[in-house]
Every structure is written in structure tokens, then in C-alpha cells.
Amino acid sequence: MADFEQMFEIGRAAWPGIALAAETFRAHLATLAEAGHGELAPHTADLYLACAAANGDAAAIEAVERTCIARIAPALARIITPSEIDDVTQVVRQRLFLGGLDGRPRLLDYAGRGNLRAWVRASAIRTAFEHLRKSKRARVHEADLEFGLPGRAEDPELDQLRRSFQGAFRAAFKVALAALDARQRTVLRQHFLDGLTTEELGTAYRVHRVTAFRWLRDARAELLRRIRAELVDRLQVGCDELNSLFRLIDSRFEISAQRILAES
């Protein structure tokens, strides 16, 4: 880490209108160092600003509003609707300056590894996805979606198999999901539960939508492969019966996935 006195002077020079006590800045840097953060010097001015804003300096708060928060709307517009942007922005603002139930402003987590504007934008995007996930979950439960297979009352034997299959399918789904790698699980959750399209996934991961589509396609195929393998072990049915059951759930697979993921 660069010499503290030098870092403090860099911060003061960059933000002359902001009052931050030297000891407050020193203690903040020490806390970051104890948390395992490495070199902080490249973004000293941003560290100084974030520390001052987290400690309630009005000029620093206004500067973060102007240089960071005022610029997050275009990123949020790719994820949520225009009517939701103000609500999410207010949540971001509260977290940055006031914190959660612990009362610790999240600006204190900024460690200077990148510029503050990008860090705030990333925080806003995560908040938007949290908002989207909560709203999607609420819609799933409010709709009281029926799990699994459509009823077949006219075929008692198939209907009995359907009821037996539901529990096995749910268990197999959870085992199969847990066996996927982290990115596959996340992409499936964001698609089935959050309702993100491949274009939105591409925006979130900063990849081309074709790449996002390929990730989603492969993750879904691997999930189904693992579900089928689990069901072979769990159910005493032949391949033809298992294929018939999979054809029955095909049209409702997304509903089933939403319900199971929402419960997980």
C-alpha cells in the first residue's frame, strides 16, 4: 500500500471541498487491509470519497450522487422496467449511505480495486436482479401454479403413475441441480426463476446473446440428462414409460422449474 500520508494528500487534492479526518481515513484503510484487500493506491481519490460519504459528509454524498448514482439508470433499464428504476435506485442509495439492519454503509466495502463509478453500477445491477428475483417469486406464489404434470383422470393407471412421478421428479430435479457447476445453476435460476431472456443474460454477463443462449441450452440439457439418470435409479419403469412421462412434462417444464427453484 502506498504511504498513508501520500494517499491522504491525493484524496484531499482530488476532493478539496470534502472534509475527512486523517484518522478516520487511516482507520478505514486499516480495516480494508485486515479484510484481506490488497493494493488500494490506484484509486485513492475514490477511496477517499467513498470513506467521506460513508461517514456522512454532505459534499461527499452529493459527489457520489452526481458522479455515480445519477449514471446507473441506463444499466438498470436493461434489467427492469422504467417504473421500477426509481425504487431500485432508492434501495441502492440507502444501502450505500445508510446500510442495512446493521447500520453499516456499503460504501465502506469499496476497496479501490476499480473505479467507484463502476463499483456502484455493479452494486446497482445486483440490486436490480434481487428486485427482479423477489418480484418473480411473488408472482409464482400468487399464481399458485400447479406443479408438474397435467391431470389425466380419464386414464387411472397413467394418473397414478403421474402422482408417483411428481415426488420422484422433484427429488431428482434437486439432486440434478446441485450436481451442476455454479454458472449452470445460476444461469438456470436467472432464466427460470427471474425470467431473464438470453439477451438479458448476455447483458448481465457481458457476453454476446448467442453465447448466453449456448450457456442456457447446455445447462438445461445437462439438467435434464441428470434428472433422467436420477429417475432411472428411483423409478422401476422402462425407457418407453420414462420417455412418455418426459413428454407429458415437456410443456410444463418451465412451470415445474420455477416452482422448485422458488422453494429452494
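The values are calculated or read from the model by the stated rules, or taken from the named source; none is laboratory data. Computed from a predicted model, the values in this text were never measured in an experiment. Virtual Cβ from ideal backbone geometry, glycine too; neighbours counted across all protein chains shown.
Looking at the stretch 44-62 only, could you name the residues that are of a type outside the set (D, E) and surrounded by fewer than 20 Cβ atoms within 10 Å (Cβ to Cβ)?
First, pick out the residues of the stretch 44-62 that are of a type outside the set (D, E): 44-45, 47-56, 58-61.
A45, N55, G56, A58, A59, listed by residue number.
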Can we say L98 is of a type in the set (A, V, I, L, M) and touching a residue at least 24 places away in the same chain (Cβ under 8 Å)? no
Inside the stretch 1-21, can you point out the residues that are surrounded by 13 or more Cβ atoms within 10 Å (Cβ to Cβ) and not in a loop (DSSP other than H, G, I, E, B)? F4, M7, F8, E9, I10, G11, R12, A14
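Quick check on this structure: which one of E9, E34, E65 is assigned by TED's automatic domain parsing to the domain that holds R126, of a type in the set (D, E) and farther than 20 Å from D109 by Cβ?
On the way: E34 fails: farther than 20 Å from D109 by Cβ; E65 fails: farther than 20 Å from D109 by Cβ.
Testing whether each residue is assigned by TED's automatic domain parsing to the domain that holds R126, of a type in the set (D, E) and farther than 20 Å from D109 by Cβ leaves just E9.
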List the residue pairs whose Cβ atoms are under 7 Å apart, where the first residue sits in the stretch 43-54 and is within 14 Å of A27 (Cα to Cα), the second is of a type in the set (V, I, T) and not in a helix (DSSP H, G or I), and the two are 6 or more positions apart or on different chains. A52/I18
All positions within the stretch 192-211 that are buried (at least 17 other Cβ atoms within 10 Å of the Cβ) and out of contact with any Lys or Arg (no Cβ under 8 Å at 6 or more places or on another chain): F192, L196, A204
Kindly indicate whether any position in the stretch 63-79 is under 21 Å from the mean Cα position of the chain (by Cα), assigned to a loop (DSSP other than H, G, I, E, B) and at pLDDT below 90. yes
Give the number of residues within the stretch 81-116 that are surrounded by fewer than 18 Cβ atoms within 10 Å (Cβ to Cβ) and part of a loop (DSSP other than H, G, I, E, B). 11
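Before we move on, is A172 at pLDDT 85 or above, touching an Asp or Glu at 6+ places or on another chain (Cβ under 7 Å) and in a helix (DSSP H, G or I)?
Yes: the conditions hold for A172.
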Having 3 or more residues that are at pLDDT 85 or above is the bar; report the helices (runs of 4 or more DSSP H) wholly within the stretch 178-264 that clear it. 182-188, 209-234
Quick one: count up the residues across the stretch 22-47 that are modelled with pLDDT of 90 or more and either in contact with a Cys (Cβ under 8 Å, 6 or more places away or on another chain) or outside any helix (DSSP H, G or I) (or both). 3
